[in-house]
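Here the structure is laid out as structure tokens; the discussion comes afterwards.
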Amino acid sequence: MSVSMSRKLQEYSRTAEQTVRDELVISHVWLVRHLTGKVTARLPAGVDIENLESAGMLGLVEAARRYDATRGVDFKSFAALRIRGAIYDEARRNCPLPQEVMQRVMQVAKAQEQMPAPVTVDDLAAETGLSKDKLSMPCWQCR
């Protein structure tokens, strides 16, 4: 086989792979919107949903680029992990609170959900192991 023919075959192979990736992305845009909706339902109001959806699209493109059908994993399952991860990463990057404070907030929220009403500060302190002072101060002072 000549060098010219070999190059043409390689170019054809790259073009075919790109076409398959493009088709995977186009046919799974709905998954980005679906996962963005699920994630943002648990986030506070005011979060830039379009920004998170854009991050999810980048996650989808990355998933299509890295997908290997020979491993026997469904693309939808493979892509969902990358899309969700990209959305969460972007949400964390845009959060005005430090990660440590957000972990504490989530810890308190989870404890509060599991406890019967009415929940007192003493109950939350006992359940979470946080001091009553930490539970009573505004989040911007939690550092």
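If you take every residue apart from residue 51 with its C-beta less than 10 Å away from the C-beta of residue 51, what net charge results, scoring Lys and Arg +1 and Asp and Glu -1? Could the numbers behind the result be given before it?
Details: positive: 93; negative: 48, 50, 53, 90.
With Lys, Arg at +1 and Asp, Glu at -1, the net is -3.
Please give the length that would be gained between residue 103 and residue 126 if that part of the chain were fully extended, namely 0.36 nm times their separation in residues minus their C-alpha to C-alpha distance (nm, one decimal).
Going from the current span to full extension adds 6.6 nm.
Once Rh for the chain is found with the Kirkwood sum over Cα pairs, what is the Stokes-Einstein diffusion coefficient at 10 °C and 1.306 mPa s, in µm²/s? Could the numbers behind the result be given before it?
Details: Rh = 18.6 Å.
Calculated translational D: 85 µm²/s.
Mind giving me the nanometre distance, one decimal, between the label points for residue 17 and residue 133, set 7 Å out from Cα along Cα→Cβ?
With each label placed 7 Å out from Cα toward Cβ, I get 5.9 nm.
Residue 119 accessible area, nearest 10 Å², 1.4 Å probe?
50
Work out the length of the dipole vector of region 4-126 about its Cα centre, built from +1 on the beta-carbon of each Lys and Arg and -1 on the beta-carbon of each Asp and Glu, and round it to the nearest 20 debye.
480
What aspartates and glutamates could a cross-link reach from residue 134, if we take a straight Cα to Cα line under 16 Å and drop same-chain neighbours fewer than 8 places away?
Candidates past the 8-residue exclusion: 100, 122, 123.
Taking Cα atoms, how many degrees apart are the long axis of helix 75-93 and the longest axis of the chain, rounded to 10 and kept between 0 and 90?
50
Which whole-number percentage describes the relative contact order of the chain, with Cα contacts under 8 Å and a sequence gap of 6 or more?
Working: 96 pairs, mean separation 26.9, N = 143.
Once normalised by length, the contact order is 19 percent.
Once you have the Kirkwood Rh of region 78-120 from its Cα pairs, apply Stokes-Einstein at 10 °C and 1.306 mPa s and quote D in µm²/s. Show your work: numbers first, answer last.
Working: Rh = 12.4 Å.
So the translational diffusion coefficient is about 128 µm²/s.
Hey, with R₀ at 35 Å, roughly what FRET efficiency would residue 94 and residue 70 work out to, going by the Cβ-Cβ distance, to 0.05?
FRET efficiency, residue 94 to residue 70: 0.45.
Just the accessible area per residue of region 63-143, please: how many Å² with a 1.4 Å probe?
With all protein chains present, region 63-143 gives 71 Å² per residue.
The values are calculated or read from the model by the stated rules, or taken from the named source; none is laboratory data. Small disclaimer: the values here were computed from a predicted structure and weren't measured. Please note: Cβ atoms are built from the backbone with ideal geometry, for glycine as well, and neighbour counts cover all protein chains shown. The accessibility values were calculated without ligands, DNA or RNA, using every heavy atom of the protein model including side chains. Shrake-Rupley method; radii C 1.70, N 1.55, O 1.52, S 1.80 Å.
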